[in-house]
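Structure record follows, encoded as structure tokens.
All of the numbers you see were taken from the coordinates with simple rules; none came from a lab. The shown structure was predicted, so the numbers you read here are calculated from the model rather than taken from an experiment. No Cβ is skipped: glycine too gets one built from the backbone with ideal geometry, and neighbour counts run over all protein chains shown.
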Amino acid sequence: MKFTERFNECLKYSNLNQSEIAKCCNTTRQNISNFKAGRTYPSIETLYLLCECLDVSADYLWG
């Protein structure tokens, strides 16, 4: 799915590791790992925080 591909791309180019992103989004590192692998997807609230943290739009992440 586009979300997984684009989320991984954003992580690759950000200067943040999974733990830092998890803290920024008030979630766990395990959740970030699940998003990366495409096992789960973020809630609307978490998506909003991810977008702020990674400086991208939700439209971009969802493709």
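A few comments on the model shown:
- Only one of the listed residues (32, 44, 21) is β-branched (Val, Ile, Thr) and over 10 Å from the mean Cα position of the chain (by Cα). That residue is 44.
- Of all residues making up the range 35-46, the number that are surrounded by fewer than 17 Cβ atoms within 10 Å (Cβ to Cβ) and either among the aromatic types (Phe, Trp, Tyr) or in a helix (DSSP H, G or I) (or both): 5
- Identity of the residue in the range 1-27, touching a residue at least 40 places away in the same chain (Cβ under 8 Å) and surrounded by 14 or more Cβ atoms within 10 Å (Cβ to Cβ), that ends up farthest from residue 45 (Cα to Cα): 14
Here's the yes/no breakdown for (1) of a type in the set (Ser, Thr, Tyr); (2) in a helix (DSSP H, G or I):
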{"position": "5", "(1), (2)": "no, yes"}
{"position": "16", "(1), (2)": "no, no"}
{"position": "21", "(1), (2)": "no, yes"}
{"position": "27", "(1), (2)": "yes, no"}
{"position": "33", "(1), (2)": "yes, yes"}
{"position": "50", "(1), (2)": "no, yes"}
{"position": "56", "(1), (2)": "no, no"}
